[in-house]
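Everything on this sheet refers to the single structure shown next.
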Amino acid sequence: MKVADAYSMICMIFATNFANAITDEALKKLKPNWVLKTQNPENAKGNELLAKTLSHCTVSEIVADLDSFKGACSLKFFKQISDEDINNFYKQINFNKPFSHLRDTHISNMFSLLGVIFKNDTNDKTHALLGLYLVDFFLPSLILFAKFLRYNAKTPYYQAMAELIIDFIKTIKVNLGLKIDIK
């Protein structure tokens, strides 16, 4: 599997996990190890929290947790982007958001676009689009979202998602050579 395809798959995992809470069936299939192994401390912590999820969480707790921070899933919550800016960007690149019932700035739609860009990153033009999207639109809000989730999620499941998002951001930053601070 190519790195871009793996990144695209990870984006879709994140997108679906914030669009709707995990189901009983999916929770039973959950593995204690994340799909991407890195040396970042957030990766180890995320894996620990996933393992804890398997023995300590019910679907109803996870659903309640998502409901408790649902407002922050629209990244405009962090005042780095607006629905209008993202809607205009989607129109410019002809992107139809897959989660049409969610806001343009919802993390699920934004992760979906990132997955599409990774999957189609085959030339200088798409690579420039990837950099633009990450630096100007997605990462500043995503970093704030992950930190918000880290401190506000109640279940180990969404605490794991926070750690794994930070790990993913760090991995992308290094692999793409992005000049953005992650603290």
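The values are calculated or read from the model by the stated rules, or taken from the named source; none is laboratory data. Here the structure is a predicted model, which is why all the values come from computation and not from measurement. Counting neighbours? That spans all protein chains shown, and the Cβs are built from the backbone with ideal geometry, glycine included. What goes into the accessible areas is simple: the full protein's heavy atoms, side chains included, and nothing from ligands, DNA or RNA. Shrake-Rupley method; radii C 1.70, N 1.55, O 1.52, S 1.80 Å.
Structure summary
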| quantity | calculated |
| --- | --- |
| Part-to-part distance (alpha-carbon centres) for the range 15-35 and the range 111-154, which is given in Å | 21 Å |
| Relative contact order (%) - the chain, alpha-carbon pairs under 8 angstrom, separation at least six | 32 percent |
| The range 1-124 - percent of accessible surface contributed by carbon and sulfur, probe 1.4 Å | 52 percent |
| Over 20 Å between alpha carbons, listed pairs K97/K170; K147/K170; K76/K179; K28/K52 | K97/K170; K76/K179 |
| In sequence order, calculated HN-Hα J values of the range 114-119 (Karplus, 6.51, -1.76, 1.60; Hz; x Gly/Pro) | 4, x, 5, 5, 4, 4 |
| Built amide H within the under 5 Å cut-off of W34, gap 5+ | none |
| Stretchable slack from N123 to K154, in nm (0.36 nm times residue separation minus alpha-carbon distance) | 7.0 nm |
| Using θ = phi - 60° and Karplus 6.51 cos²θ - 1.76 cosθ + 1.60, couplings along the range 24-30 (whole Hz; Gly, Pro as x) | 4, 4, 5, 5, 5, 8, 4 |
| Charge tally in the Cβ shell below 15 Å around N120, where Lys, Arg are +1 and Asp, Glu are -1, N120 excluded | 0 |
| Residue-normalised accessible area of the chain, given per residue in Å² at a 1.4 Å probe | 51 Å² |
| Amide H within-cut-off set for H106, under 5 Å, with H built and near neighbours excluded | L75 |
| Accessible surface, 1.4 Å probe, highest first, among residues T126, T23, T155 | T23, T126, T155 |
| Accessible surface, 1.4 Å probe, highest first, among residues E84, E42 | E84, E42 |
| 222 nm mean residue ellipticity, helices alone, for the chain (DSSP H n ≥ 4; -39,500 (n - 2.57); rounded to 500) | -20500 deg cm²/dmol |
